[in-house]
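Following: one structure in structure tokens, then a few remarks.
The values are calculated or read from the model by the stated rules, or taken from the named source; none is laboratory data. If you're wondering where the values come from, they're calculated on a predicted model, not measured in any experiment. Cβ coordinates were reconstructed from backbone atoms using ideal geometry, including for glycine residues, and neighbour counts include every protein chain displayed.
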Amino acid sequence: MASVYDATFVMIKKIRTAAIVIAGPIVGEKVLDLCTGTGEIALACARQGSKVVGLDLSSAMLARAKRKNGAELVEWLEGDATDLPFENSRFDLVIISFGLHEMPKQWREKTLQEVRRVIKSSGRLIIVEFVRPVEYVGPKWLKKIGYYFLNKYECKYFQEYISEPLDTVIQSAGLKITKRSSLIAGFMEVITVLPS
């Protein structure tokens, strides 16, 4: 999967670029790119002068990330998002891009609790994810086609993910949503979250 990930997800890369603009990483900020995959967001933040850690459970994804231009600007760690190896209140910015729908509910809950622990009280969390079908407001025909393919090709936890509002999990972790930005005909969104 890691070998074809970047080529396959050209559209996703554009969405992640939009997420960087919304996140607005600042020179010197401490940034955690959680579920970093092949490191596109981590590298983009590092190029803007942030001090970045890219963490992922997959050694294959990280190996690909480490081969990219500028990889030396990022600290790459193999690790579990539900048990982060960082002290409390370390990061100014945490980004999770298309990671939460890949997890069973209890992992999503624990991951967001860990984010709340490691993010500064003045920090922010940016989540890039799919929109639930009940929240989709685009044309019905596009909704039918789009979710058909998502259900067919996404991971086994996708159905569970879209069955419950992400807002509930975010709030229970001690975080609050302050902004939602819709992307790609409304199928995806960038969510800005702050500690509550």
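Results, tabulated for the structure shown:
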quantity	calculated
Residues of the range 61-96 classified as within 20 Å of GLY49 (Cα to Cα) and not in a loop (DSSP other than H, G, I, E, B), total	14
Counted residues, the range 78-111 - those being touching a Ser or Thr at 6+ places or on another chain (Cβ under 8 Å) and either of a type outside the set (S, T, N, Q) or more than 19 Å from GLY37 (Cβ to Cβ) (or both)	12
Pick from the range 136-195, criterion of a type in the set (A, V, I, L, M, F, W, C), assigned to a loop (DSSP other than H, G, I, E, B) and at pLDDT below 70, ranking: farthest from LEU93 (Cα to Cα)	VAL137
Failed condition for LEU32, given (1) surrounded by fewer than 16 Cβ atoms within 10 Å (Cβ to Cβ); (2) aliphatic (A, V, I, L, M); (3) part of a strand (DSSP E or B)	(1)
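The rows are residues; the columns are (1) surrounded by 13 or more Cβ atoms within 10 Å (Cβ to Cβ); (2) without any contact (Cβ under 8 Å) to a residue 12 or more places away in the chain; (3) β-branched (Val, Ile, Thr); (4) closer than 18 Å to SER97 by Cα.
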site: ALA44; (1), (2), (3), (4): yes, no, no, yes
site: SER50; (1), (2), (3), (4): yes, no, no, yes
site: ASP56; (1), (2), (3), (4): yes, no, no, yes
site: MET61; (1), (2), (3), (4): yes, no, no, yes
site: ALA65; (1), (2), (3), (4): yes, no, no, yes
site: ALA71; (1), (2), (3), (4): yes, no, no, no
site: LEU77; (1), (2), (3), (4): yes, no, no, yes
site: ALA81; (1), (2), (3), (4): yes, no, no, yes
site: PRO85; (1), (2), (3), (4): no, yes, no, no
